[in-house]
Amino acid sequence: MPITVTFRASLIVCCLFAAVSSRAAESPVGKTFSANDTLAPQAEENVEAKICLDGLIWQPAPFEVTVEAGTDSAMEGLVRFPSAKPSGIEINDRVAMEWYPARDKNWAVIDAPAIVVVHESGSKMEVGRLFAKAFHAQGVHAFLIQLPFYGVRRPMGMRPDGRHFEATMKQGIADVRRARDAVAALPRVDGKNIAVQGTSLGGFVASTTAGLDRGFASVHLMVSGGDLHGLVTNGQREAGQLRDMLAEAGYTGDKLRTLFDQVEPLRLAHRLGAERTWLYSATRDQVVPPQHSLKLAEAAQLAEDHHTRLWADHYTGILYVPSVVTSIVKHVKATSKMSEASRAP
C-alpha cells in the first residue's frame, strides 16, 4: 500500500512538473518576434483630412517585437517594440505594452481576439489598467500601451511640457497604430480581430489613430470626443491645465488652433467606419462636455445604438466600466464570429 501511494504521488508530481515545464516552454517571455507595419491609408479627397494624414503617417517597415518579464502576476509580459516616430530620446522610443492575456479556467493562455487599450492622462494609468484587466477577465487579450513619456518610457527626472505636445501626440498616434501590428505578431492572438479602446485622452488618441486606415477591426471610445481646440480653450480641470501649459510654451490664438489641427479627431472621423465604432459618453461630463462627444458622433455618422450616453460626469463614469466592458467584449467577439463566417467554405 505505501508503495502504491508513493507511486501515485510521484506520478502526480511528475505530471504537474511536466505541465509547468510545458507552460514555461510556451511562454513568450525572452523571445523576439518579427513584425511588419500594415499601415495602408485609404485614398482621401478631403484636403484638410489629407494634410492631417500626411503629417501622421510614416513609411511602413519591418520591426522586431520582444517580450520581457511582467511586473504584475496577471501579466504575461511587457511587450516592447521601436516607435514608428522616434523622438530621439532612447528610453522613450522603445514602446511598452502590458500584456494581460486571455486564459482558460486552468489559467492557460488561449487563442482569442485582442484589444489595444490607450490610457487616460493620469501618470499612474489606473483607468487604462482597469479596462485592460477587465477585458482579460472576459477572455480577450488586452494590451495596455504606455504612451510617450509614461511608465517605463519616462526618462529619470524628465517631465514633458507644452513644447513637446505636438511631437508627443504624433508619436503616440503612430505608436498605437504600430501596436496593432506588434500584437498581431504574438502567439495566441487572433491577428484578424484586434480592436482599440481609449478613455479620455486615450480616446482622442485612439480616434485619430483609427482614422489613419482600417487596421483595427473595431474602435471603442470612452468619455471622449472631438474639437480639441474648443475643448482646451474653454475647458475645465485637465483641459484647463493643458491650456495653461501650452500657453507657457507660446501656443495661443491661431498658433494653438494650428497645433490641434494636426491631430484633430474630427478631421479623420469620417474614416472611422460607423459600423465598427462605438462611443460611450457622459451626459454631465465637465472635462469632455457632451457637445464634444456629439460632434465626434455626428462626424463619424454613428447610429444611435453606437453612441451610448451614460448618466455620469467624467469621473463617476468609472462606475459604468463593468457594463461598458461587457458591451465592448460582446462587439469584439461578434466581429470574430463574422470573420469566421466569411472564411467558411
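For the chain, modelled as a GNM whose springs connect Cα atoms under 10 angstrom apart, the maximal fluctuation among 43, 132, 274 occurs at 43. Axis of helix 290-299 versus longest Cα principal axis of the chain: the two differ by about 80°, to the nearest ten degrees.
Could you work out the percent of alpha carbon pairs in segment 265-316 separated by over 15 Å, rounded to a whole number?
Roughly 42 percent, rounded to a whole number.
Rounded to the nearest 10 degrees, the inclination of helix 126-137 to the longest alpha-carbon principal axis of the chain is 40 degrees. Using the Karplus relation 6.51 cos²θ - 1.76 cosθ + 1.60 with θ = phi - 60°, the per-residue 3J(HN,Hα) values for segment 237-253 come to 6, 4, 5, x, 5, 5, 4, 5, 5, 5, 4, 4, 8, x, 9, 9, x Hz, with x marking Gly and Pro.
Treating r as the C-beta distance of residue 330 and residue 244 and R0 as 41 Å, the FRET efficiency rounds to 0.50.
Just to confirm the filter: which trypsin sites (Lys or Arg not before Pro) across segment 228-272 are DSSP coil and have at most 12 other Cβ within 10 angstrom of their Cβ? List each step's numbers first, then the result.
Numbers: sites: 237, 243, 255, 257, 267, 271; in loops: none.
Listed in order of number, the matching sites amount to none.
Looking at 144, 134, 171, which one has the Cα that reaches farthest to the positive end of the dipole of the chain (charges on Cβ: Lys, Arg +1; Asp, Glu -1)? Most positive-ward Cα: 134. In whole angstrom, segment 194-345 maps to an equivalent ellipsoid with semi-axes of 29, 18, 11, each derived as √(5λ) from the alpha carbon gyration tensor and ordered largest first. Assuming charge only on the beta carbon of Lys and Arg (+1) and of Asp and Glu (-1), the dipole of the chain about its Cα centre is about 820 debye to the nearest 20. With the biggest extent put first, the Cα atoms of segment 120-277 measure 47, 39, 24 Å across the principal axes. Charge dipole of segment 48-100 (Cα centre as origin; +1 on each Lys and Arg Cβ, -1 on each Asp and Glu Cβ, all else neutral): 180 debye, rounded to the nearest 20.
Taking the highest mean first, how do the peptides 209-216, 244-251 order by number of other beta carbon atoms within 10 angstrom per residue?
209-216, 244-251
Since only 216, 110, 301 are under comparison, the one whose Cα sits farthest along the positive direction of the charge dipole of the chain, derived from C-beta charges on Lys, Arg, Asp and Glu, is 110. Building the convex hull from the alpha-carbon atoms of segment 35-190 and averaging its projection over directions returns 10.1 nm². Toward the positive end of the charge dipole of the chain, with +1 on the Cβ of Lys and Arg and -1 on the Cβ of Asp and Glu, the farthest Cα among 40, 310, 79 is that of 79. Between the amide H of residue 103 and those of 110, 139, distances stay under 5 Å, these residues lying 5 or more places away or on another chain, with hydrogens modeled in the peptide plane. For segment 93-107, 3J(HN,Hα) computed residue by residue from phi via the Karplus equation (6.51, -1.76, 1.60; θ = phi - 60°) reads 7, 9, 5, 10, 10, 7, 9, 9, x, 6, 10, 8, 5, 8, 6 Hz, glycine and proline entered as x.
On a per residue basis, the convex hull of the C-alpha atoms belonging to the chain measures out at 167 Å³. The fewest-to-most ranking of 169, 156 by surrounding Cβ atoms within 10 Å reads 156, 169. Cβ crowding within 10 Å ranks 264, 76 as 264, 76, fewest other Cβ atoms first. If you line up the long axis of helix 321-343 against the longest principal axis of the chain, both from Cα atoms, how many degrees apart are they, to the nearest 10? Tilt of helix 321-343: around 80 degrees.
Once you have a ≥ b ≥ c as the square roots of the Cα gyration tensor eigenvalues for segment 205-293, tell me rounded if a/c is under 1.5, and otherwise prolate or oblate according to whether a/b is larger than b/c. Oblate, since a/c reaches 1.5 and b/c is not below a/b.
Using C-alpha pairs below 8 Å separated by at least 6 residues, the relative contact order for the chain is 15 percent.
Between residue 311 and residue 192, the modelled label-to-label distance comes to 4.2 nm, taking each label 7 Å out from Cα in the direction of the beta carbon.
Centre-to-centre, using Cα atoms only, segment 187-265 and segment 100-154 are separated by 19 Å. Basic side chains Lys and Arg get +1 at the Cβ, acidic Asp and Glu get -1 at the Cβ, and with that the dipole of segment 79-227 about its Cα centre reaches some 240 debye.
Spin-label model, residue 274/residue 319: points 7 Å from Cα along the beta carbon direction are separated by 3.2 nm. When the Cα convex hull of segment 140-204 is projected onto planes of every orientation, the mean area is 5.3 nm². Taking 35 Å as R0, compute the FRET efficiency from the Cβ-Cβ separation of residue 234 and residue 94 and round it to 0.05. With R0 = 35 Å, the Cβ-Cβ based efficiency is 0.40.
Coordinate-derived values only; no laboratory data. Source: prediction; values computed, not measured. Counting neighbours? That spans all protein chains shown, and the Cβs are built from the backbone with ideal geometry, glycine included.
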